[in-house]
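Take a look at the structure set out below.
The values are calculated or read from the model by the stated rules, or taken from the named source; none is laboratory data. Being a predicted model, the structure only gives us computed values, none of them experimental. Here the Cβ positions follow ideal geometry from the backbone for every residue, glycine too, while neighbour counts run over all protein chains shown. Surface areas here come from the heavy atoms of the whole protein model, side chains and all, with no ligands, DNA or RNA. Shrake-Rupley method; radii C 1.70, N 1.55, O 1.52, S 1.80 Å.
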Amino acid sequence: MLAASSMNTLNATSFADAFRTGVPLPAALDPHFEEALRHVLDNPGSLVRPRMVFQMATAYGLDRDHARDLAIALEYFHTSSLLLDDLPCMDNATERRGVPCVHLAYGEAGAILTALALINRAYALSWRAISGSSQHLQSRALAYIEQCLGVEGVLNGQSLDLHYATLPHNRETTEAIARGKTVSLIRLSLVLPALLGGASAREMQLLERIALYWGLGYQMVDDLKDVFGNAAQAGKTVARDTLLDRPNVASAMGVLKAVERLLRFIRLGDRTLRLLLKSKPEILFLGKLRSDLEEELIRVTENVSEMTLGARW
C-alpha cells in the first residue's frame, strides 16, 4: 500500500532531520537567537503529527516533497504554540519535551522570537506544499489554515483558556476550549492534507468528525496526565491546571465521568473511521493513532485504584 511504503521510506529519523534543518540559520544570525532556535529544533518530540500528515498527504495523492513540506510546516505551527503556551504570562511552565522551556534558557523575548521564526517558516513551507494543488484548492486550503489557527480556532481557544477563572467550570466550557486549541490542530493534520488531495465532501465530513472525537480525546488524556502524571513521564510541567485555575475535564467532571466520556469519543471515532475506510482504505494507518490514544489512557490511569477500565475497551 502507498501509505505503508511512504512510512517505511520516511521514518522517524528522517522527520527528525527535516524538523532540525527546516529553518535556515544564516551565518549572520544573532548567536543568542540561534542558540534558542537550536534548543527547539534539536528537541523535536515524538513527531507523531508530521508522520501522520505525511501519510495522509501521500494517501491523497500529494507528491512526497509537498507532503514533507506540509508535515514539517504543521509541526512548526504546533511547536510554536507550545513555546507561547509555556510563557510566564500563559502557563509559566518549566519543562517541555524533556528539556527546560525556552523562556527559562533564553528569556521571554528569545522564546517569542523563536515562536515567530517557526510560524514564519511554517507559512513558507505551507505555501510551498499548497502550490502543487489547483488554484481552487489553494484558496480553500489557505482559508482552512486561517480558520484553524486564527481567531476562530487556536487563538480564541487560548484566550478562553487564559480567562477560564471567569467562566463556568463545567464540561461545556472545557470542551469549547479544547475545540479551539487541540481540535483545531488535529483538524489541520487530518483534514488539510485530504483537502489538498481533492477528497470528497463525504470524506471531508468524516475526517472532521474524527478530528473532533480524537482531538477532544487527546485533550482529555492530557488533562488526566496533569492530574496523575509526573514530569518525567509527560516530558513537560504537570499539575499546572489546578494551580493556575485552567480548564481540566477531570477536575470539571470528575475522573470517572471524564474517562467514560473519553471512551465514548474513542467508540465514536472507531465507528466513523470504519465508515471512512470503506471509501478510502489507503488510510488504514489512522487506526494506529486510535491505539496510541488507548495506550496513553491506560498508562495514565493504571495507578488509579478506583478505576476499572479493562472490559470497557
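In the stretch 151-173 there is at least one residue that is open to solvent by less than 30 Å² (accessible area, probe 1.4 Å), within 24 Å of TYR60 (Cβ to Cβ) and under 20 Å from the mean Cα position of the chain (by Cα).
With respect to SER200, determine if the residue is open to solvent by 40 Å² or more (accessible area, probe 1.4 Å) and without any contact (Cβ under 8 Å) to a residue 24 or more places away in the chain.
On the way: open to solvent by 40 Å² or more (accessible area, probe 1.4 Å): yes; without any contact (Cβ under 8 Å) to a residue 24 or more places away in the chain: no.
No, not satisfied.
Under 8 Å by Cβ, and 6 or more places apart or on different chains, what pairs join a residue from the stretch 281-294 that is aromatic (Phe, Trp, Tyr) with one that is loosely packed, with under 15 Cβ neighbours inside 10 Å? Qualifying pairs under 8 Å: PHE285/ALA4. Of the residues that make up the stretch 59-66, is at least one surrounded by fewer than 21 Cβ atoms within 10 Å (Cβ to Cβ), touching a residue at least 60 places away in the same chain (Cβ under 8 Å) and of a type in the set (Lys, Arg)? No, the stretch 59-66 has no match at all.
Within the group ILE145, ILE210, ILE130, which residue is under 24 Å from TYR76 (Cα atoms), open to solvent by less than 10 Å² (accessible area, probe 1.4 Å), over 16 Å from the mean Cα position of the chain (by Cα) and among the aliphatic types (A, V, I, L, M)? Working first, answer last.
Values: ILE145 fails: over 16 Å from the mean Cα position of the chain (by Cα); ILE210 fails: over 16 Å from the mean Cα position of the chain (by Cα).
Answer to the check: ILE130.
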